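The next block holds one structure in the form of structure tokens; read it before the comments.
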Amino acid sequence: MTKVHNFSAGPSILAESAFAKSVQDIQNFAGTGLSVLEVSHRGKQFEAVMAETENLVRELLGISQDYDVLFLQGGASTQFFQIPLNFLKQSAAYTDTGTWANRAIKEAQGYGEVNVLASSKDSNYTFIPKNYEIPSSVDYFHCTSNNTIYGTQIQQFPHCEVPLICDMSSDIFSRPIEANKFSLIYAGAQKNMGPAGVTLVIVRKDMYGRKANRHIPTMMDYKIHADNGSMYNTPPVFPILVSKYNLEWVKEIGGLTAMEKRNEEKASTLYTAIDNSPYFKGTTAIEDRSKMNVTFVFEKEHEGLAEKFDAACKEAQLSGLKGHRSVGGYRASLYNALPLDSVQALVNVMETFA
Ligand SMILES: *Cc1c(COP(=O)(O)O)cnc(C)c1O
């Protein structure tokens, strides 16, 4: 089989080793003679998988025992309402930096006052707003570290004295973070951690004392999941297993410092090609460019060439480059497992095409 270069925005490329190991476990899980898909999640073999996955998350991100690491379901989209359901008593502050941030704001509005501190909506989310102050009176501040659709990324998190909550769905494990700054981090797995079906939630234990005084369904209560080791109900066993293998690969590469270097090299290779090309241009403010999702369009006068370019991409086996409909053009997602070779293949097409 010839190699397909996978630039998909999500579900996205994962380490090849993760597939090989997962296939093995579908056939014969940890020597049980049974598939991982047909054994109890409470058996010792799967309990070991849970523990190892949690340890990998803690080790890679530098998460201390002040935090619980949870594997939940419902995607990042469920976190959009689970967070305000639990923690929005009076008011919360948000920044509006893209489609996902906007959805988080909409859900929070159902639970209390939402103070949108800054928005780049009027410019079609081409930049990350910076000069805003987070009021000390709000219950928490919510931001989105990487705007998957628009291709912008927070390079420096704001100073924040209230609990800092962040949607890191599309750049978690792509770079080291100062974990201690955050009170809650969440990420749908399918961008940079594993397959769809599991949501990583990292919550500082002091948040449990900040719960809003309203009925919280058991399944929406973080503490319940924490007290039960993410096994209050049946966890998404297979996505967790594949995530474990994918994170093992991240660790083998050298952890997040090495991963950041690798991701920076890929991103700068592609942005340089875009900036040097008379045909293409980036769609975002340069200082806010995402190293995960690179968005670009044809220069106006060359838009007529799109069909030819698309055909050349297809010919070179470049997959998943179509931009989101709200931006148009192209989006190359450069998640952890994407090799530099794939970026080089795209750059080659851009150059030979020119
Ligand atoms: C994809 C994405 C989401 C939505 O995730 P689901 O798991 O599909 O609910 C939310 N936030 C960001 C930043 C995303 O990239």
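The values are calculated or read from the model by the stated rules, or taken from the named source; none is laboratory data. All of these numbers come straight from a predicted model, not from anything done at the bench. All Cβ positions, glycine included, derive from the backbone under ideal geometry; neighbour counts span all protein chains shown. Side chains are part of the model used for accessible areas, which takes the heavy atoms of the whole protein and leaves out ligands, DNA and RNA. Shrake-Rupley method; radii C 1.70, N 1.55, O 1.52, S 1.80 Å.
Brief remarks follow.
- Qualifying positions in the range 109-162 - touching a Pro at 6+ places or on another chain (Cβ under 6 Å) and either outside any strand (DSSP E or B) or not small (G, A, S) (or both): Y111, S120, Y140
- Qualifying residue in the range 62-72 (condition: part of a helix (DSSP H, G or I), hydrophobic (A, V, I, L, M, F, W, C) and more than 16 Å from the ligand (Cβ to nearest atom)): no
- Criterion violated by L200 - all others in (1) touching a residue at least 60 places away in the same chain (Cβ under 8 Å); (2) of a type outside the set (V, I, T); (3) away from the ligand (no atom under 12 Å from the Cβ) satisfied: (3)
- Number of positions in the range 194-214 that are part of a strand (DSSP E or B) and open to solvent by less than 30 Å² (accessible area, probe 1.4 Å): 5
- All positions within the range 73-108 that are buried (at least 21 other Cβ atoms within 10 Å of the Cβ), in a loop (DSSP other than H, G, I, E, B) and near the ligand (Cβ under 10 Å from one of its atoms): T97, G98
- Residue in the range 135-144 that is open to solvent by 40 Å² or more (accessible area, probe 1.4 Å) and modelled with pLDDT under 95 present: no
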